[in-house]
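Have a look at the structure below before the remarks.
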Amino acid sequence: MTQKILIVDDDPNIVTYLEDIFQDAGYATCKATDGADALSMVRQEKPALITLDLEMPKEWGPRFYRELTQDNEHKNIPVIVISGLAGNKYAIPKAVASFTKPFDREELLKVVKEVLG
């Protein structure tokens, strides 16, 4: 079964770029434009990994992450932060990796493959 990655980002260009990267590497994708939508997608799609932007409308990434970790069924889903905010590695301390936009495609794929096997 193909592993699914949830892309959480409000920038449609970033979402499309990440979808292309992951789908070309053989992963399935789903997407959410903010933290509120992301929680719903996690419950519906059961992703193996989440990429998370920090600054989004309605609900920011750190708040989504707090809510995710309070959900026993989904709290162990690995998260990769991809954000334009400086110091993003401190916003989600338990993230498996943090990338600043613009990011290196190959480095991102390397981390994804390490995490998902």
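Numbers at a glance
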quantity	calculated
Of residues in segment 14-36 being in contact (Cβ under 8 Å) with a residue 60 or more places away in the chain and assigned to a loop (DSSP other than H, G, I, E, B), the one surrounded by the most Cβ atoms within 10 Å (Cβ to Cβ)	Tyr27
Hits in segment 59-70 (condition: surrounded by 13 or more Cβ atoms within 10 Å (Cβ to Cβ) and in a loop (DSSP other than H, G, I, E, B))	Glu59, Trp60
Filtered residues of segment 26-59 (kept if among the β-branched types (Val, Ile, Thr) and closer than 20 Å to Val96 by Cα)	Thr29, Val42, Ile50, Thr51
One residue from Val96, Val81 being of a type in the set (Val, Ile, Thr) and surrounded by 17 or more Cβ atoms within 10 Å (Cβ to Cβ)	Val81
Residue in segment 52-64 that is out of contact with any Gly (no Cβ under 6 Å at 6 or more places or on another chain) and under 18 Å from Val115 (Cα atoms) present	no
Residues of segment 86-117 classified as within 27 Å of Asp24 (Cα to Cα) and either touching a His at 6+ places or on another chain (Cβ under 9 Å) or not in a helix (DSSP H, G or I) (or both), total	11
Every residue from segment 41-58 that is more than 14 Å from the chain's Cα centre (by Cα) and either among the hydroxyl-bearing types (Ser, Thr, Tyr) or not in a loop (DSSP other than H, G, I, E, B) (or both)	Arg43, Gln44
Asp9 closer than 17 Å to Phe103 by Cα, charged (D, E, K, R) and surrounded by 20 or more Cβ atoms within 10 Å (Cβ to Cβ)	yes
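Bear in mind that the values in this text are calculations on the coordinates, not laboratory data. Keep in mind that what you see is a predicted model, and the values were worked out from it rather than measured. A quick note on method: Cβ atoms are made from the backbone with ideal geometry, for glycine too, and the neighbour counts reach across all protein chains shown.
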